[in-house]
Amino acid sequence: MMTVLCTILGICFLSVQSTSANTKSATVISTGKLIKAPYHAVSGYIYQSISLTHKQHNADHYPLTTFYATRSANIIRPNGNKAVYNYIKNGNNHIHGWIWRGYLVRVINVQKQKAAINKLISLIDALTPFSHDKVTLLLKNVGRKESLNTLLSTLSNLSGSITDTSDIQKIETMYKLLKSDGQTLAAIFQNGLKKFYTGVIALHQFNNQVFKLAEGLLALIPD
């Protein structure tokens with residue numbers, strides 16, 4: 001800061017005083033890895049580090065850029081509020097940093113996800129009657145608040161109770177499909193499967209609950 005000082009004799013001079021940024025850092029509570037997935041950043045700033053002290057990019061400048069989220073952090077912002085930030089980067093890694101999760105929308109290749117749904121239905125339909133009944137009963141028993149991890153655990157346990165080798169392989173394939181795409185498929189069913197006609201969509205709301213996925217699969221399984 002520059003200040004003008006004058007003496008009683010009318011002589012004036014400049015005084016330069018240094019100022020510090022005094023920027024508070026965010027406090028990290030926990031961090032974790034994410035399954036790499038594509039997003040669009042619809043607003044906000046991308047920060048250089050999770051301390052949130054340096055704004056590196058304005059997301060408004062990249063409305064059509066596809067970013068990939070790979071890490072997540074639960075933090076306490078400098079203002080005291082808790083929030084979740086994701087680490088994102090574009091395809092060539094030129095634009096990267098941390099952004100509030102609420103500014104990200106998931107980009108979904110609908111045709112790929114519809115193929116995954118059809119694959120699941122085909123696998124269930126190809127099971128022997130005993131295993132088919134077990135899987136459909138499992139889906140019917142999925143609670144409204146049940147998580148994807150719980151569904152995966154139940155499916156894994158089911159696989160261990162079946163002796164038919166072919167059925168075991170089919171259930172293991174189902175497990176892998178759900179583990180990689182289960183959350184996305186649940187979001188598609190949650191938002192209404194029939195309305196997805198375009199090649200790529202962006203969804204704002206994702207959660208870990210799979211009731212709608214189970215309900216949707218049951219409706220598609222042939223009688």
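Rule-based calculations on the coordinates, nothing more; no lab input. Since the structure is predicted, the reported quantities are computational estimates derived from the model, not experimental observations. Note that each Cβ is placed from the backbone with ideal geometry, even for glycine, and that neighbours are counted across all protein chains shown.
Using each residue's phi in the stretch 137-152, evaluate 6.51 cos²θ - 1.76 cosθ + 1.60 at θ = phi - 60° and report the 3J(HN,Hα) Karplus result to the nearest Hz, with x for Gly and Pro.
After applying 6.51 cos²θ - 1.76 cosθ + 1.60, I find 5, 4, 5, 5, 8, 5, x, 5, 10, 6, 8, 4, 4, 5, 4, 5 Hz.
Give the long-range amide H neighbours of His57: residues separated by 5 or more places, or on another chain, with amide H under 5 Å away, using H modelled in the peptide plane at 1.01 Å from N.
For His57, the qualifying residues are Ile46.
In nm, to one decimal, how far is the Lys179 label point from the Ala219 one, both placed 7 Å along Cα→Cβ?
Calculated label separation equals 2.9 nm.
Can you pick out the pairs among Lys89/Lys112; Lys55/Lys114; Lys36/Lys170; Lys36/Lys119 whose Cα atoms lie more than 29 Å from each other?
Exceeds cut-off: Lys55/Lys114.
When only C-alpha pairs under 8 Å and at least 6 residues apart count, what is the relative contact order of the stretch 27-107, in percent?
On the way: 188 pairs, mean separation 29.2, N = 81.
Across the stretch 27-107, relative contact order equals 36 percent.
For the stretch 167-177, in order, what is each residue's ³J(HN,Hα) by Karplus, 6.51 cos²θ - 1.76 cosθ + 1.60 with θ = phi - 60°, in whole Hz (x at glycine and Pro)?
These are the phi-based 3J(HN,Hα) values: 5, 4, 5, 5, 5, 5, 5, 4, 4, 5, 4 Hz.
Once all Cα-Cα distances of the stretch 27-107 are split into 5 Å bins that start at 0, what whole-number percent is in each one?
3, 18, 30, 27, 16, 6, 1
7 Å from Cα along Cα→Cβ at both Ser156 and Ile121: what's the point-to-point distance in nm?
2.9
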